[in-house]
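Notes to accompany the following structure.
The values are calculated or read from the model by the stated rules, or taken from the named source; none is laboratory data. Every value quoted in this text rests on a predicted model; they were computed, and no experiment measured them. Here Cβ is always computed from backbone atoms with ideal geometry, including for glycine, and neighbour counts include all displayed protein chains.
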Amino acid sequence: MTGIDRAAVNASRAWFRVPERRYAWDWFRILKRSGTGRFDLAMWSGALLCGLAYGPEAADYAAIHYLEGCPHRDHPLRGYVLPVAVAAVELQAALLRKPEIRLLEPEIVSPGVV
């Protein structure tokens, strides 16, 4: 696991060519939003990007607003992207002493996340 960096954004661009991809989020544009308290997570299995999660900075909570799993049905973290992202945002909330976490727009979940 890493933060979402240039390597993660570049790896996510390969997802644009996968027909099973449900949402065509532009992770480069999402990350242009600044904030020291934002949440961003790239989930890797070796060199394969398996998932991305992003949440905006907020004063009283930590959040996940964008969450996407690799659209390939056989990626190693299939079914674990959501639980890993929730565990990571819970940890961030605890470290920053924020009393709650939020999943913003949870009905928008890409395949491969849960």
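In region 28-53, the residues that are of a type in the set (Asp, Glu) form Cβ pairs under 8 Å with partners that are in a loop (DSSP other than H, G, I, E, B), at six or more places apart or across chains, as follows: Asp40/Gly3; Asp40/Ile4.
Here Glu100 meets each of (1) charged (D, E, K, R); (2) closer than 13 Å to Leu41 by Cα; (3) surrounded by fewer than 15 Cβ atoms within 10 Å (Cβ to Cβ); (4) touching a helix residue (DSSP H, G or I) at 6+ places or on another chain (Cβ under 8 Å) with one exception, condition (2). Of the residues making up region 54-90, those that are in contact (Cβ under 8 Å) with a residue 40 or more places away in the chain and aliphatic (A, V, I, L, M) are Ala58, Ala62, Ala63, Ile64, Leu67, Val84, Ala85, Ala88, Val89. Looking across Asp74, Asp5, Asp26, one residue alone is of a type in the set (Asp, Glu) and touching a strand residue (DSSP E or B) at 6+ places or on another chain (Cβ under 8 Å). It is Asp5.
Could you please let me know if Ala11 is more than 18 Å from Leu103 (Cβ to Cβ), among the small types (Gly, Ala, Ser) and modelled with pLDDT of 90 or more? The answer is yes for Ala11.
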